[in-house]
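The values are calculated or read from the model by the stated rules, or taken from the named source; none is laboratory data. Given the structure is predicted, the values throughout are model-derived calculations rather than measurements. Positions of Cβ are generated from backbone atoms using ideal geometry, with glycine treated the same way; all protein chains shown enter the neighbour counts. Please note that ligands, DNA and RNA were not included when accessible areas were found on the heavy atoms of the full protein model with its side chains. Shrake-Rupley method; radii C 1.70, N 1.55, O 1.52, S 1.80 Å.
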Amino acid sequence: MNKKVSELINTQINKELYSGYLYLDMSNFFESKGLAGFANWYKVQAQEERDHAMLFYQYLQNNGEKVTLLAIDQPDKKYKTFMDPLKAALEHEKYVTSLIDNIYAEAVKAKDYRTMELLQWFIKEQGEEEKNANDLISKMELFGGDARALYMLDQELAGRTYNTPSLVLD
Ligand code: FEO
């Protein structure tokens, strides 16, 4: 594999694992506030991020590259309001999108068509992740100020279940 592309994917494993950590921390915040539905939503999100990391991990190994596991940063954000994690999540997803786009640009440069194909799944996934984060902000803006509506929203988010990713790498 092209060295730069391989290195960026290796780093992306770490970024995805950090994303999982970040969402677990958000889940932990909502759990401590008694919003178990929000906590569930972010716990499922954390699982999805671990899946993303494992897809990149498997992809490198499938292409004969040895993975180097890097230290995962501690999530250090302090949340004051219920809206804070939602906005931080959207900003984070935008950042992850920029990372994926950057790897894609390097893969194009290296004429690495196989990696480009892999990344197309992630590019679509990032669109969905940003939309989900945006939708949650809209719902909080609409209903967050009313205790009964917030309770209903929390109930809705309690229904999110974990699904294995639509992309499978053997
Ligand atoms: Fe793996 Fe939320 O991006």
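The table below gives the values:
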item	result
Filter result (more than 30 Å from ALA147 (Cα to Cα), open to solvent by 40 Å² or more (accessible area, probe 1.4 Å) and more than 16 Å from the ligand (Cβ to nearest atom)) within segment 31-69	GLN61, ASN62, GLY64, GLU65, LYS66, THR68, LEU69
Subset of segment 45-91 (residues that are of a type in the set (A, V, I, L, M, F, W, C) and in a loop (DSSP other than H, G, I, E, B))	VAL67, LEU69, LEU70, ALA71, ILE72, PHE82
Test: residue in segment 136-158 that is within 16 Å of the ligand (Cβ to nearest atom), of a type in the set (A, V, I, L, M, F, W, C) and farther than 24 Å from TYR57 by Cβ	yes
ARG114 being over 28 Å from LEU55 (Cα atoms), among the charged types (D, E, K, R) and in a helix (DSSP H, G or I)	no
Single residue of segment 13-30 satisfying the filter (more than 16 Å from GLU130 (Cβ to Cβ) and of a type in the set (Gly, Ala, Ser)) that is nearest to the ligand (Cβ to nearest atom)	GLY20
Every pair of residues 6+ apart whose Cβ atoms lie under 8 Å, when the first sits in segment 55-77 and is within 21 Å of MET26 (Cβ to Cβ) while the second is open to solvent by 70 Å² or more (accessible area, probe 1.4 Å)	ILE72/TYR21; ASP73/TYR21; GLN74/TYR21; PRO75/TYR21; PRO75/LEU24
Residues within segment 1-36 that are part of a loop (DSSP other than H, G, I, E, B) and in contact (Cβ under 8 Å) with a residue 60 or more places away in the chain, tallied	3
Number of positions in segment 95-111 that are of a type outside the set (A, V, I, L, M, F, W, C), in contact (Cβ under 8 Å) with a residue 12 or more places away in the chain and within 10 Å of the ligand (Cβ to nearest atom)	1
